[in-house]
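Working notes, structure below.
The values are calculated or read from the model by the stated rules, or taken from the named source; none is laboratory data. As the structure is a computational prediction, the values presented were derived from the model and not from experiment. Here the Cβ positions follow ideal geometry from the backbone for every residue, glycine too, while neighbour counts run over all protein chains shown. SASA here: full protein model, heavy atoms, side chains in, ligands and nucleic acids out. Shrake-Rupley method; radii C 1.70, N 1.55, O 1.52, S 1.80 Å.
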Amino acid sequence: MAVVSETIKEMSGIKLHMVKTDKFKTNTIIFKMKAPLQKENVTKRALLPNVLQSNSKKFPTTGQLRGYLDELYGATFYIDLGKKGEYHTISFAMEVANERFLSDPTPLLKTAIDFLVEVLTNPNVADGEFHNETLEKEKRSLKQRIQSIYDDKMKYSNNRLIEEMCKEEPYSLHVHGKESEVDSISGKDLYAYYKKALAEDELSLYIIGDIEEQEVEQMVNDKFTFSSRASQAVEKKQPVQIEEKVIKEEQDVKQGKLNIGYRTNVAYGDPDYFALQVFNGVYGGFSHSKLFINVREKASLAYYAASRVESHKGLLMVMSGIDSSNFEKAVSIIKEQMQAMKNGDFSDDDLIQTKAVIRNQLLETLDTARGIVEILYHNVVAGQQIQLDEWLQRIETVTKEEVVKVANKIQLDTIYFLTGKGATK
Amino acid sequence: MEKISFDQLQEELYHEKLENGLEVYILPKKGFNKTYATFTTKYGSIDNHFVPAGKKELVKVPDGIAHFLEHKLFEKEDGDVFQQFSRQGASANAFTSFTRTAYLFSSTSDVEKNLETLIDFVQYPYFSEKTVEKEKGIIGQEIDMYDDNPDWRLYFGAIQNLFENHPVKIDIAGTKESIAEITKDMLYECYHTFYHPSNMLLFIVGPVQVEEIMKQIKENQAKKTFPTQVEIERKFESEKEDVSEKKLVLPMNVHSSKCLVSIKATDTEKQGEEMLKQELTTNVLLELLFGRSSENYDKLYSSGLIDESFSFDYTQEKGFGFAMIGGDTNNPDQLATEIKRMLEEEKSSSKITVESLERTKKKKIGAFLRAVNSPEYIANQFTRYAFNDMNLFDVVPVLEAIKIEDIHNVADNLISENRMAICQVVPKS
């Protein structure tokens, strides 16, 4: 039996993805919009879903809209912004109880779909402009959100690394846009952008739960009517010459944040992608990995020291929180461990262990509806159709030689260090 | 073995108390890939003043020792238990809270082996001076990380405002100075006092064969001997009703300000169904007052005082409890004033209607269904409930039974100016 059975239906302007499973007590609906990351519209894309989710024609105030969701046994409804390679994604997510587990038999899935259609297609607009008060409220909130990134030093230093490393690439744009651009967006501008996004974005709808697929397909076909559109593939951009850069920034912090960016030169869908996943597992992905063992357990320098892969952009990011005086020490251990990977200095046992943990992690992710969508959506972003069983199979067959080969493709790009005051020498 | 059925939820729970006092619960979950198991002791950061096992006198131990012990239990003479779990395809973790320390793994294969590893590593402590010293560097960095985190500082500041004596005010990880005092002998003393099976609970949830798992656990425990357990004697200083500090302002390296209003709860000696009712009713009250569909939320959001980071929370354990309301704001003083005014207004002239109460109860019931999709939630919450003589699966019936008078009573007890405090994080000038 397949680990996940996904049914995909091509409809006008949108693809419907259904996963039928009886393990959840709720049904999950996730609507995704994807467009190339562009400086001109990223701030509008950050503002738009916030305005849409706060009210609509039928629910003109947030109180009414949220009250309606409470009535539906506390249906959750939230938006999320993402960056997948050089694409920007907007998600509208709902989770609603399966009425089978309630004493009240109201059909909640259908009601939830109707609600989502209302919010997406019947916004609080008059004379070609979004409702001004709503717009101003959400602009204020967006600015606050952008500002507060500075306060979370882990996020901040990760963002700064990307900004420095991918300076000339769209990937350096922030998912929430730019604070200085928020004020100038008018209700008219945003409405025009809303029209454009709904007409041009690649749209995907995921419905996960104990559903009747034909019924759902019919419902979606009736309710979601979009015009057909062309696909918007982006060119992968990356500097031709990669030189190691070191960027240090001083702030009033107790703990220094070390973030190192590598180029993997491998993306989702490439033949080497599975070897890269195994590489990351041996190098820094888990608590048995080289970074955890050497930076934390042996040298006692950090509480966390880990790496992760950005699948579509082709990046490997290392992060660790250390005392500012230990910068040189930590960097040299991290580099040594990378060199060890390139030299094939790891055992068959390391490989077996890592594969088992990756398999476990993937299967665990499939135990949540959001996790299922997160994994399946990789195929949409990369224009691939890799089945999860194939995924598991290909991880299993990765060889040591393949891991070494992929390690040797990886190039160090930028070392970013947020350091405490007076610590830089 | 006892079987407990929850028909509406279509769940079955199996329970047995073993001879050595260990409570074991198994909840089979069909269709899931992973099995999740937690092995939890009723021992957390607040248990810092007690009579050690085999002794007669009370001792006070350094701040942060329960958390330190949690870290150190993973290290054995022949290496690190994390390694063993990952060789068996599992991921392992642990956490320390005010009242509990939990060790856990999740895995999609080799469940029996991983379960054996979990039980054995927790039941065979190995501490040495050398590894204890090494851990001080690692935990020192964990402490620094939290020190730079404004949300954590705000949350702990809000708790410290409320309590004068109660150890809940102590940061769970301690300080660099307090952990410097920790020795291997102290770790053993805490371990032998609090890690007796009769003070612990094992919970397994996942696609498992119930009888086989129970048999395995019993055989594992039968092989080990434990001293006869006597009642653990903990000491808590008495705590006045009023708050300790009315206001605390923390200047930090941030761009946005933050503000939390905290309230010290009363009647926190309750256990069992009474406690469950008080906890759920307080949660419903806060949702009615400050939830996203409330008039108050709309007012605060529209006036630009809050953004979506605004939240509220209620924590109750035996002997202490507190509510927290707040979030990021451009005007921390005005937000504090508004929240307090809204609380007072509820007490003097409640606007809660039967209709809004029913709607909020529905919301909470839906949230519970969502939560029981998560094996992590079930295991962790069930354990917390069991340690307070409550049953997680009573949540829906108790919620359904809440009446408007219950809401008024809880509001009357909770809301009182002398038990409120304000904590703010502001940009350093």
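Points worth noting:
- Candidate lysines - alpha carbon under 20 Å from B:K184, same-chain residues fewer than 8 apart omitted: A:K298, B:K55, B:K60, B:K72, B:K76, B:K130, B:K134, B:K136, B:K176
- More than 28 Å apart - percent of Cα-Cα pairs taken over chain B: 54 percent
- Within region B:83-105, the residues that become at least 20 Å² less accessible when every protein chain is included than when their own chain is isolated (1.4 Å probe; DNA, RNA and ligands ignored) are B:Q83, B:S86, B:R87, B:G89.
- The residues B:E345, A:E10, sorted by heavy-atom accessible surface at 1.4 Å with ligands and nucleic acids left out, run A:E10, B:E345 from largest to smallest.
- Crossing angle, helix B:354-371 versus chain B [Cα axis fit, 0-90 degrees, rounded to tens]: 30 degrees
- Spatially proximal aspartates and glutamates relative to A:K405 (Cα-Cα < 12 Å; intrachain offsets below 8 disregarded): A:D272
- Average accessible area per residue (Å²) across chain B - probe 1.4 Å, nucleic acids and ligands excluded: 40 Å²
- Positive minus negative residues near B:N373 (Lys, Arg vs Asp, Glu; Cβ under 11 Å): +2
- Peptide B:30-38 - average C-beta neighbours from other chains (10 Å radius): 4
- 10 Å Cβ neighbours from other chains, averaged over peptide A:245-254: 2
- Solvent-accessible area, 1.4 Å probe, carbon plus sulfur percent, for the protein assembly as shown: 47 percent
- Of all lysines in the structure, those lying under 19 Å Cα to Cα from B:K240, and not within fewer than 8 positions of it along the same chain, are B:K169, B:K264, B:K270, B:K318.
- Extents of region A:162-299, taken as max minus min of Cα coordinates on every principal axis and listed largest first, are 61, 44, 35 Å.
- Net charge dipole size for the protein assembly as shown [Lys, Arg +1 and Asp, Glu -1 on Cβ; Debye, nearest 20]: 1500 debye
- Probe 1.4 Å - accessible area at A:V318, Å² to nearest ten: 0 Å²
- For the peptides A:153-159, A:344-350, the ranking by mean Cβ contacts within 10 Å, running from highest to lowest, is A:153-159, A:344-350.
- Mean Cβ count within 10 Å, highest first, over the residues of peptides A:194-205, B:264-275: A:194-205, B:264-275
- Relative to the longest principal axis of the Cα atoms of chain A, helix A:153-165 runs at roughly 80 degrees.
- Per residue, the convex hull around the alpha carbon atoms of region A:29-88 comes to 90 Å³.
- Taking the C-alpha atoms only, the angle from helix A:348-365 to the longest principal axis of chain A is near 20 degrees.
- Packing-based ranking of A:123-130, B:1-8, A:335-342 yields A:335-342, A:123-130, B:1-8, ordered from highest to lowest mean Cβ neighbour count within 10 Å.
- Of B:T281, B:T117, B:T353, the one that fluctuates the most in a GNM where chain B has Cα springs shorter than 10 Å: B:T353
- Rolling a 1.4 Å probe over the protein heavy atoms gives chain A an accessible area of 40 Å² per residue.
- Computed FRET value (nearest 0.05) for B:V398 with B:S374, which takes r as the C-beta separation and R₀ as 22 Å: 0.60
- Calculated P(r) tail over 40 Å for the protein assembly as shown, as whole % of Cα pairs: 40 percent
- Cα convex hull volume per residue for chain A (Å³): 159 Å³
- Total formal charge among the other residues, if their Cβ is under 9 angstrom from that of A:I395, Lys/Arg +1 and Asp/Glu -1: +2
- Pairs beyond 18 Å (Cα-Cα), from A:K20/A:K110; A:K39/A:K257; A:K44/A:K178; B:K299/B:K340; B:K17/B:K277; B:K42/B:K215: A:K39/A:K257; B:K17/B:K277; B:K42/B:K215
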